[in-house]
Amino acid sequence: VLAFALFEASLQAYPLPESSRKLVSGIETGVQSLSEMLEAVFGLAKLNAGKLLCQMQVLSLEDFFIHAVDDKLDVAHERQLHLRHASTQARVQADLSLLPQILAALMRHMLAQTEDGGALLGCRRRGNQVWVELRYNGTKTAATVIANDFKPGEGYCDTLPDKGYGLAYAQGLAELMGGALELFSWSGRGGLLRLRLQAAA
C-alpha cells in the first residue's frame, strides 16, 4: 500500500492532462480504500485475539462529533455532500480511543453509500442508553436492509467496497464497550447507522 501511495504522490507532482489526472485520482481513491480495509482487517484480528484494551470512562460526545465531521468535510465538499452534526450535551460510558475509531468507520461507510444529498450525525437519549445516529440519503442499496450483525463478505457486507470489514470492526469495538451497532437502509430513501452506548449520569 505504501508503494502505491508513493507512486500516486509522484504522479501528482507532474503536470498531466485532465484525463490522466482523473486516472491518478482513481488510484488515490483505490489506495485509500485498500488502506482503510487493511486497517479494519488488522483491527479485527487484534480484537479477536483479545489484544485490544478497553478502559471505560465518562465522555462528552460533542467534541467527538465535531472531530468526526471535520475529518471528512474535505471529502464531502469534493463530492458536493452536505455533512453536519447536531450539537449535544450527552455523555456516555465509552473508551477514549475506541469511540473515535467507531465514528470514523461509520463516516467511511456513509461516504461509500451516499451519492448525493448529505448526512447528519446526532444522538438521543433512550432510557439508560444514548443512541448515536448517523442519518444519510442517496444510498446505493438496492433493497431494504436491517442488520445488527456484520460478517465480512456475507449478505449486505458482500455489496460493500470493503466487503464489510469496516462495519464488522466497528461492531466489535461497540460490543467491547458494552454497546451495539445497527444499520437500517431503505432503497432510494437513505440509511441510518445507530451506535447504542451506555448513558452517563
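Can you tell me how many residues within the range 97-125 are open to solvent by 50 Å² or more (accessible area, probe 1.4 Å) and either in contact (Cβ under 8 Å) with a residue 60 or more places away in the chain or part of a helix (DSSP H, G or I) (or both)?
Result for the range 97-125: 3.
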Query - Close pairs from the range 152-180: first under 19 Å from Pro100 (Cα atoms), partner of a type in the set (S, T, N, Q) and open to solvent by 70 Å² or more (accessible area, probe 1.4 Å), Cβ under 9 Å, at least 6 apart - result: Gln171/Asn148; Gly172/Asn48; Met177/Gln198; Gly178/Gln198; Gly179/Gln198; Ala180/Asn148
Requested in this report: Select from the range 147-159 the residues that are surrounded by fewer than 21 Cβ atoms within 10 Å (Cβ to Cβ) and among the hydrophobic types (A, V, I, L, M, F, W, C) and write down the one among them that is farthest from Asn48 (Cα to Cα).
Outcome: Ala147
Query raised in the report: How many residues are closer than 15 Å to Ala112 by Cα and open to solvent by less than 20 Å² (accessible area, probe 1.4 Å) when one looks only at the range 163-201?
Result: 9
Report task. Give the residues of the range 60-93 that are among the polar types (S, T, N, Q), more than 15 Å from Ala112 (Cα to Cα) and assigned to a loop (DSSP other than H, G, I, E, B), sorted by residue number. Result -> Ser87, Thr88, Gln89
**Report entry** the range 126-148, subset on the phi < 0 side of the Ramachandran plot and in a loop (DSSP other than H, G, I, E, B), residue farthest from the chain's Cα centre (by Cα)
**Finding:** Asn128
Report summary line: With criteria (1) under 25 Å from Ser60 (Cβ atoms); (2) in contact with a His (Cβ under 8 Å, 6 or more places away or on another chain), Gly117 comes up short on (1)
Query raised in the report: On the given criteria, is Leu59 touching a residue at least 24 places away in the same chain (Cβ under 8 Å), farther than 23 Å from Gly190 by Cα, open to solvent by less than 30 Å² (accessible area, probe 1.4 Å) and more than 18 Å from the chain's Cα centre (by Cα)?
Result: yes
Query raised in the report: Within the range 131-166, can you find the residues that are touching a strand residue (DSSP E or B) at 6+ places or on another chain (Cβ under 7 Å), within 25 Å of Ala94 (Cβ to Cβ) and among the hydrophobic types (A, V, I, L, M, F, W, C)?
Result: Trp131, Val132, Leu134, Ile146, Ala147
Query raised in the report: For Leu38, are the conditions met, namely being in contact (Cβ under 8 Å) with a residue 12 or more places away in the chain, open to solvent by less than 70 Å² (accessible area, probe 1.4 Å) and under 21 Å from Arg194 (Cβ atoms)?
Result: no
Query raised in the report: Within the group Ala68, Ala86, Ala94, Ala76, which residue is over 30 Å from Lys151 (Cβ atoms), in contact (Cβ under 8 Å) with a residue 24 or more places away in the chain and open to solvent by less than 90 Å² (accessible area, probe 1.4 Å)?
Result: Ala86
Query raised in the report: Which of (1) at pLDDT below 90; (2) surrounded by fewer than 17 Cβ atoms within 10 Å (Cβ to Cβ); (3) not basic (Lys, Arg) is the odd one out, the single condition Thr139 does not satisfy?
Result: (2)
Requested in this report: Give the residues of the range 81-123 that are farther than 27 Å from Ala200 by Cβ and either charged (D, E, K, R) or in contact with a Gly (Cβ under 9 Å, 6 or more places away or on another chain) (or both), sorted by residue number.
Outcome: Leu81, His82, Ala112, Gln113, Thr114, Glu115, Asp116, Gly117, Gly118
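The values are calculated or read from the model by the stated rules, or taken from the named source; none is laboratory data. In this text the structure is predicted, and so the values were computed from the model without any measurement. Please note: Cβ atoms are built from the backbone with ideal geometry, for glycine as well, and neighbour counts cover all protein chains shown. In case anyone asks, the SASA skips ligands and DNA or RNA and just uses the protein heavy atoms, side chains included. Shrake-Rupley method; radii C 1.70, N 1.55, O 1.52, S 1.80 Å.
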